[in-house]
Each structure stands twice: as C-alpha cells, then as structure tokens.
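The values are calculated or read from the model by the stated rules, or taken from the named source; none is laboratory data. Quick caveat: nothing in here was measured; it's all calculated off a predicted structure. Positions of Cβ are backbone-derived with ideal geometry, glycine not excepted, and every protein chain shown enters the neighbour counts. Heads up: the accessible areas ignore ligands, DNA and RNA and are worked out on the full protein's heavy atoms, side chains in. Shrake-Rupley method; radii C 1.70, N 1.55, O 1.52, S 1.80 Å.
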Amino acid sequence: MANRQNGERTRVMIVEQDQKFGLKLADWLATHGYHPVFIRTVNAAIDALAGFRPKAVLVGLGCSTPAAEADLVEVPLLIQTICPSVPVIMIADQSSEDLTHVVFRQGVCRLLVKPMECSHIGAVLQSELSAAAA
C-alpha cells in the first residue's frame, strides 16, 4: 500500500506509450492508494514533472523504432535533473545486456520486463519508495 504523508496519496508518474498497459497500471495504482498520473509522451512527461513532483516515475520502454527507444533511455537523466533522488523504474517489453547497462548508467533503480502483474510492479515500487525515504 502507498505511504501517506499528511493525508496525501503518494504521487507516481507513469510514462508509457502503450495506452492499454498504462491505463491498467494507473488503475491498479489508484486502487492501491497511490495518486498516479499517466502520460503517453516523453515531452509531456518532462513538462509535467516540475508541477506534479512525483515520488517515483515508471517509464515504459517498448518502442519499435531504435530512435524512439534511444529517446526513452535519456528520460532517467532528465528526470534526475528535474526531480533529484526520485526513483525511476523502467518497464521494457524485452531486455538485453546492452539495454540493462545503458539504463542503469542513466539512473534507473530497477529494470522490469513485461509481461508481469501489476502487483509485482507495485511491490517493486513500494520497495524503491521505502529505500528512497530511508
């Protein structure tokens, strides 16, 4: 369950191009006490970061084009610039050793690979939020 400070729900930003998956994850998070914001594009997410001030960011990496995938890999650096020390969890459609090395160098806390249950994402999210608060 989400940590609550001063009666507020924990804010989590979801940056995911797959609308079906993004909405499913946002619904699950909302049901479990979080305040999710689902954004489909990287540019919109970067613009929203300063005002929303999430406690964690979930970034979907499932693009078909290498150029779009490269843009998403840069997102963790931008997030860390705008919101230092916010945990970034990347969710990929598939993983490779190269991708793993790149995303961890960019500041990603965890790399998850689909398919997975929302409950697993929630457990990883809670773990990262607890570590960030310590």
- Task: Of the numbered conditions (1) modelled with pLDDT of 90 or more; (2) in a helix (DSSP H, G or I); (3) of a type in the set (Val, Ile, Thr), Ile89 fails exactly one; give the number of that condition.
- Result: (2)
- Only residues in region 7-28 that are open to solvent by 10 Å² or more (accessible area, probe 1.4 Å) count as the first member; pair them with residues that are assigned to a loop (DSSP other than H, G, I, E, B) and among the polar types (S, T, N, Q), Cβ under 6 angstrom, at least 6 apart or cross-chain, and list the lot. Thr10/Asn3
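Could you count how many residues in region 79-127 are in contact (Cβ under 8 Å) with a residue 60 or more places away in the chain and open to solvent by 20 Å² or more (accessible area, probe 1.4 Å)?
To start, the set of residues in region 79-127 that are in contact (Cβ under 8 Å) with a residue 60 or more places away in the chain comprises 91, 114, 118-119, 121-122, 125-126.
From the residues that got through so far, the ones that are open to solvent by 20 Å² or more (accessible area, probe 1.4 Å) too are 114, 119, 126.
Total meeting the criteria: 3.
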- Write out, first by first residue and then by second, each pair whose Cβ atoms fall under 8 Å of each other, whose residues are 6+ apart or on separate chains, and whose first residue, in region 49-62, is within 17 Å of Ala123 (Cα to Cα) and of a type in the set (Lys, Arg) while the second is open to solvent by less than 10 Å² (accessible area, probe 1.4 Å) and not in a loop (DSSP other than H, G, I, E, B). Lys55/Val12
